[in-house]
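A short write-up of the structure that comes next.
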2 protein chains.
Amino acid sequence: MKKYQLRRLSDQPIITAADVNPSHPQFRVMGAFNPAACRFGDEILLLLRVAEAVDTLPGKIQVPIVQQLDGQFQLVIKMFAEPEGDYDPRVVQIGDQAYLTSLSHLRLARSRDGIHFTVDSNPFIFPERADESFGVEDARITLLDGQYWITYTAVSENGPGVGLIVTKDFVSFERRGMIIPPPNKDACLFPEKINGFYYLLHRPMVADIGKPSVWLARSTDGIHWGDHRFLFGAAGTQWEHLKIGAGPEPIRTDDGWLVCYHGASVDHEYSLALALLDRDDPTQLLDRSTEPLMVPELEWEKTGFFPNVVFTNGWVQLPDGRILVYYGAADYCVGVAELVTV
Amino acid sequence: MKKYQLRRLSDQPIITAADVNPSHPQFRVMGAFNPAACRFGDEILLLLRVAEAVDTLPGKIQVPIVQQLDGQFQLVIKMFAEPEGDYDPRVVQIGDQAYLTSLSHLRLARSRDGIHFTVDSNPFIFPERADESFGVEDARITLLDGQYWITYTAVSENGPGVGLIVTKDFVSFERRGMIIPPPNKDACLFPEKINGFYYLLHRPMVADIGKPSVWLARSTDGIHWGDHRFLFGAAGTQWEHLKIGAGPEPIRTDDGWLVCYHGASVDHEYSLALALLDRDDPTQLLDRSTEPLMVPELEWEKTGFFPNVVFTNGWVQLPDGRILVYYGAADYCVGVAELVTV
């Protein structure tokens, strides 16, 4: 994996939380980050994760969730006494139940040049199922069989799982349910069938026995999944010790399927790296990074809602072959880099 | 759920570890427990979980695993310094890696009367895949489409997932791969299709956000699974606070699908209870136990390899309609009860 590098195209974020208006009057936008990406007509679309929160009151914490009331899902603001001591800014433990401090939805941003984006005024996908009561996060977009398949993290009090939505026009969409059960995240669908099967990368979370790892699954219809296999795990290095998970949809190259993934260190620093899978048999790992291609270096990558994060779940290959990589920084904003061969 | 009771048919176990010969000369049988069950011809078959261990040496602990060596999976005995202090007798933490102290395989036992069983001399299913390197555990058997579908827990260093094996004769079998990825256990397949779909109950494990819960999944072929839905979770009572998971294959009754499940208390006491799902739409929970139907009471249920456990993953409905429930006790032996209507 020595031939690739990730080069930042700007030393500034291309989208920040300040560019996004809240979806509800009660909300403040905490972050616009971790976008999925695709080409659509003449445009490049990003599907941003927009995290919104309700301001805390003295000694109180307010947690936004969606909940079924009177037969439909509605926004509910739960109020709790603020826990004592330090806590992860993303998660708060109230008794037996962990809550997210923000509620995420997915929102489109559009660009002609891939650098300057206009963010839609309204959400594209807002949580509206029991398994999305804590939000929808970190989408991936794959163009396959003439439609766009959007995999995303559906979070609820029962943990995070992988949901699937399909669209042809980015106006309307159809939900296909939860395709990988909790606790699981970071699922991306391959952009073509291989030997008659759909393939998906996903990341089981660790409970009791287990180590951070990326898995491969197989499907006959893209909706029902089986033949789950361990693909690769943390190799013993610090930078991917805590978590390891796939990023955007794999890209087919002459050398094989190119996979971009993230590692999280024991200090919760998120970095980016690459792996290569066999073109005809993606269960075969050909190569992968021994060290990260990109680590948080710029001020806005090192400070934010959750500091020291570069994380990608969106890249696009342009007609001229260039690959633009969109990445979330510090759970607050979006940067852009180019994947170059050296 | 007031109309059912579980009545023990014997105050003695019907099979214990002492009835089972080891599969390898190095091994001692630690437990023969948690059997799947089915009728096959004139016989009742149990598919026991047989847990085997290698004796510890002074200051050392020996961990049996299977590992690929020279192109095939072989038994490997790993030796470590014994950890200081108390530890769960089932799991030992060595550095970053949790190991099981025993290796489980699945072995058949046969009976004409459902009470007196003869245990086979050899394993039926021995771990032989990368995702089974720590063993195969806690099977469920479902007769469906003219063959027996065996779901089981496949455990490896990457966590526990759900494997599927099918057999027609309990002599040969075919592996169908991992159908639900880690971390997950306690999967049981419904014995008939409902509105054209196969259905399965399973139990996601909790990592970070989440609560113990039983989920339902749907399939078009029994091998690839989707539409995962939360079905029911711990109701706030102590006896099911820590874990809750489905037992054997659901049985169709006039009232609906009868599901037997286990709860584990904060003190790791495992009890048995019942739930009822709609016959035509198993996503609909009609009723479930508010307190356990059976708790560990007898000496051999309260002491053993892992004390205070009654756990079932096998029951059979006899031609006369009676339902015999086989249950593992204290991770050591097997008891039998009858499910009676009161």
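The values are calculated or read from the model by the stated rules, or taken from the named source; none is laboratory data. Keep in mind that what you see is a predicted model, and the values were worked out from it rather than measured. With ideal geometry, Cβ positions are generated from the backbone for all residues, glycine too; neighbour counts draw on all protein chains shown. Keep in mind that these areas ignore ligands, DNA and RNA; they rest on the heavy atoms of the full protein, side chains included. Shrake-Rupley method; radii C 1.70, N 1.55, O 1.52, S 1.80 Å.
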For label points placed 7 Å from Cα toward Cβ, what is the shortest-first list of nm distances from B:GLY196 to its copies?
2.2
Nearest-10 value in Å² for the accessible area of A:HIS24, using the 1.4 Å probe:
60 Å²
For region A:273-342, which GluC sites (Glu not before Pro) are in a loop by DSSP, counting at most 16 other Cβ atoms within 10 Å?
A:GLU297
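Placing unit charges on C-beta atoms (Lys and Arg positive, Asp and Glu negative, everything else neutral), compute the dipole magnitude of chain A about its Cα centre in debye, rounded to 20. Spell out each step's value before the answer.
Working: 30 positive and 45 negative charges, 84 e Å.
The calculated dipole for chain A is roughly 400 debye.
How big is the dipole moment of the protein assembly as shown about its Cα centre under a simple scheme where the beta carbon of each Lys and Arg is +1, that of each Asp and Glu is -1, and everything else is neutral? Debye, nearest 20, please. Intermediate results must be reported in sequence, preceding the final value.
On the way: 60 positive and 90 negative charges, 153 e Å.
Computed charge dipole of the protein assembly as shown: roughly 740 debye.
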In whole angstrom, the spacing between the Cα centers of region A:248-272 and region A:50-113 equals 29 Å
Starting at the first residue of region A:8-19, write each ³J(HN,Hα) from the Karplus equation 6.51 cos²θ - 1.76 cosθ + 1.60 with θ = phi - 60°, in whole Hz, x for Gly and Pro.
4, 8, 8, 8, 10, x, 8, 9, 10, 4, 5, 7
Region B:4-341 pair-distance distribution - Cα-Cα, 10 Å bins, rounded %
6, 27, 37, 24, 6, 1
Shortest first and in nm with one decimal, please list how far the A:PRO89 label point sits from its counterparts in the other copies (point 7 Å along Cα→Cβ).
4.8
Can you give me the convex hull volume of the Cα atoms of the protein assembly as shown, divided per residue and expressed in Å³?
168 Å³
Given a 1.4 angstrom probe, I'd like the percentage of the accessible area of the protein assembly as shown that is carbon and sulfur, rounded to a whole number.
46 percent
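Work out the mean other chain Cβ neighbour count within 10 Å for the residues of A:92-99 and drop it here as an integer. Mind showing how you got there, number by number?
Details: counts 0, 1, 0, 0, 4, 3, 5, 1.
Counting other chains' Cβ atoms within 10 Å and averaging over A:92-99 gives 2.
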Just from its helices, what would the mean residue ellipticity at 222 nm be for chain A, if runs of 4 or more DSSP H residues each count -39500 (n - 2.57) and the sum is divided by every residue, rounded to the nearest 500 deg cm²/dmol?
0 deg cm²/dmol
Region A:295-330 versus region A:218-241: alpha-carbon centroid distance in Å
22 Å
Sort shortest first the distances from A:GLY146 to its counterpart in every other copy, using label points 7 Å along the Cα-to-beta-carbon line, and give them in nm.
3.6
Region B:24-32 - phi-based ³J(HN,Hα) in whole Hz, Karplus 6.51/-1.76/1.60, Gly and Pro as x
9, x, 6, 8, 10, 7, 8, x, 10
